[in-house]
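**Student:** Structure provided below as structure tokens; questions to follow.
None of the figures in this text is laboratory data; all of them are computed from the coordinates on show. A quick note: this is a predicted structure, and the numbers were derived from the prediction, not measured. Cβ: placed from backbone, ideal geometry, glycine included. Neighbour counts: every protein chain shown.
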Amino acid sequence: MQEVHAVALARGVALSDSIAVDTMTIVDSMAPSGTTSLQRDIADGKPTELESWNGAVVRLAREAGVATALHEFIYQCLLPQDLRARGKLTFPA
């Protein structure tokens, strides 16, 4: 959330200074067994919205010259699975 906030500020989007903490308070109140649609799609081998979420943060951050190490890591880790689900990559047997 701090990376998203930094990207937003660098791109001229005014967000509350407490947005990361406020958002994480909501996330922390959710059931521990809860999952996101992206997580469920990855687990089920389905195409995901990776490009629209982490991919967008990474692209916008690069354009703004902002480092987003965590989003970059998540994106690079999940991208092969998303590409496989889209039929654009095969894994060795």
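**Student:** Which of V21, V58, V66 moves the most in a Gaussian network model of the chain with Cα springs under 10 Å?
**Tutor:** Highest fluctuation of the listed residues: V21.
**Student:** Next up: Return the calculated 222 nm mean residue ellipticity for the chain, to the nearest 500 deg cm²/dmol, obtained by summing -39500 (n - 2.57) across DSSP H runs with n ≥ 4 and dividing by the residue count.
**Tutor:** Details: 5 runs with 55 residues, N = 93.
For the chain, the value works out to -18000 deg cm²/dmol.
**Student:** On to the next question. Got the relative contact order for the chain handy, in percent, Cα pairs under 8 Å and 6 or more residues apart? Display every interim value, and only then the final one.
**Tutor:** Numbers: 69 pairs, mean separation 28.3, N = 93.
30 percent.
**Student:** Ranked by Cβ crowding within 10 angstrom, fewest neighbours first, how are M30, M1 ordered? Don't skip to the answer; put the middle values down first.
**Tutor:** Details: M30 9, M1 13.
Fewest-to-most Cβ neighbours within 10 Å comes out as M30, M1.
**Student:** Continuing with this model, one more query. Taking loop as defined by DSSP and a crowding limit of 15 other beta carbons within 10 Å, which trypsin sites (Lys or Arg not before Pro) in the chain fit? Let's see the in-between values first.
**Tutor:** Values: sites: R11, R40, R59, R62, R84, R86, K88; in loops: R11, R86, K88.
Answer in residue order: R11, R86, K88.
**Student:** Another one. What nm value, rounded to one decimal, do you get for the distance between A31 and T90 when each label is placed 7 Å out toward the C-beta?
**Tutor:** Here the answer is 4.0 nm between the modelled labels.
**Student:** For H5, H71, which order do you get if you count the other beta carbons within 10 Å of each Cβ and list the fewest first?
**Tutor:** H5, H71
**Student:** Among L9, L38, rank each residue by its count of other Cβ atoms within 10 Å, from fewest to most, as a rough exposure measure. Can you show the working numbers first?
**Tutor:** On the way: L9 14, L38 18.
Lowest to highest Cβ neighbour count: L9, L38.
**Student:** Cut-off 10 angstrom, C-alpha nodes, Gaussian network model of the chain. Which of P32, P47, P80 fluctuates the most?
**Tutor:** With Cα springs under 10 Å in the chain, the top fluctuation among P32, P47, P80 is at P32.
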